[in-house]
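Below is one structure; the comments refer to it alone.
The values are calculated or read from the model by the stated rules, or taken from the named source; none is laboratory data. Worth saying up front: this structure is predicted, and the values here are computed from it rather than measured. Cβ atoms come from the backbone with ideal geometry, glycine included; neighbour counts cover every protein chain shown. For the accessible areas, the whole protein counts, side chains as well, though only heavy atoms, and no ligand, DNA or RNA atoms are used. Shrake-Rupley method; radii C 1.70, N 1.55, O 1.52, S 1.80 Å.
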Amino acid sequence: MKLYSLSVHYKGSTKANLLKAAYDLSSFSFFQRSSVQEFMTFTSALIVERTSQGTRASVKEQEYLCHVYVRNDNLGGVVIADTEYPQRVCFTLLEKVSKTFSKWTVLVKRRHTPSSDHLFPPQNPREADAMTKVQAELDETKIILHNTMESLLERGEKLDDLVAKSEHLGNQSKAFYKTARKQNSCCEIM
């Protein structure tokens with residue numbers, strides 16, 4: 001699962017203006033990075049331009065999924081990720097970033113600008129979305145429970161084997177006792 005780009009745009013009447021973007025292009029070769037970044041910037045702007053206000057959408061572009069959210073105030077966000085990255089997590093990130101960016105507009109008026117470090121979300125979906133984190137923890141718990149049940153069943157089988165062996169040993173000791181008693185009865189001194 002990989003997140004490649006997160007960008008915030010203002011959707012104008014004819015064009016979407018890029019306000020801030022963050023990229024993780026480390027999986028591309030050094031010589032491809034600028035072209036890939038241009039492609040992602042262009043695609044993000046185009047998707048925001050074609051998305052109506054108050055809408056969320058996902059668009060497949062080659063081997064990438066572009067998730068877009070344009071708010072009613074024309075603030076739009078785009079996440080470009082691989083197809084394995086959870087869609088719900090992307091939209092949760094877009095909503096959080098849009099809210100945060102709206103708050104930052106007050107700071108921008110005071111000459112503070114948000115850094116790309118604060119804009120780019122964690123690569124691990126568990127860190128970004130509470131539902132994904134809970135689901136992963138439930139999956140881990142199910143695995144632990146399954147392993148515990150398997151070990152209990154194995155122990156039960158081992159206990160059954162021990163019980164059978166002890167019954168067999170008990171039968172053998174009774175037979176030995178009877179045989180020894182018979183043989184000793186002829187030799188008893190009165």
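Remarks
- Quarter of Cα convex hull surface for the stretch 1-73, i.e. mean projection, nm²: 5.1 nm²
- Alpha-carbon centroids, the stretch 41-60 and the stretch 11-36: separation in whole Å: 14 Å
- Under 5 Å, built H, 5+ apart or other chain: amide partners of residue 20: 8
- Stretchable slack from residue 50 to residue 163, in nm (0.36 nm times residue separation minus alpha-carbon distance): 33.3 nm
- Neighbours of residue 149 by Cβ distance under 12 Å: Lys/Arg scored +1, Asp/Glu scored -1, total 0.
- For residue 151, the solvent-accessible surface with a 1.4 Å probe is about 40 Å², rounded to the nearest 10.
- Its Cα centre serving as origin, the stretch 1-91 has a Cβ charge dipole (Lys and Arg +1, Asp and Glu -1) of approximately 260 debye.
- Charge sum, other residues only, whose C-beta stays under 14 Å from residue 72's C-beta, Lys/Arg counted +1 and Asp/Glu -1: +2
- These residues, 31, 101, go from largest to smallest accessible area, 1.4 Å probe, as 31, 101.
- Heavy atoms of residue 186 accessible to a 1.4 Å probe, total area in Å² rounded to 10: 110 Å²
- Only lysines eight or more places from residue 174 in sequence, or on another chain, were considered; those with a Cα closer than 21 Å are 165, 182.
- Taking 155, 33, 71 and ordering them by how much accessible surface each has at a 1.4 Å probe, largest first, produces 155, 33, 71.
- Over 30 Å (Cα to Cα) - which of 15/133; 103/142; 60/99; 15/103; 99/142 fall in this group: 15/133; 103/142; 99/142
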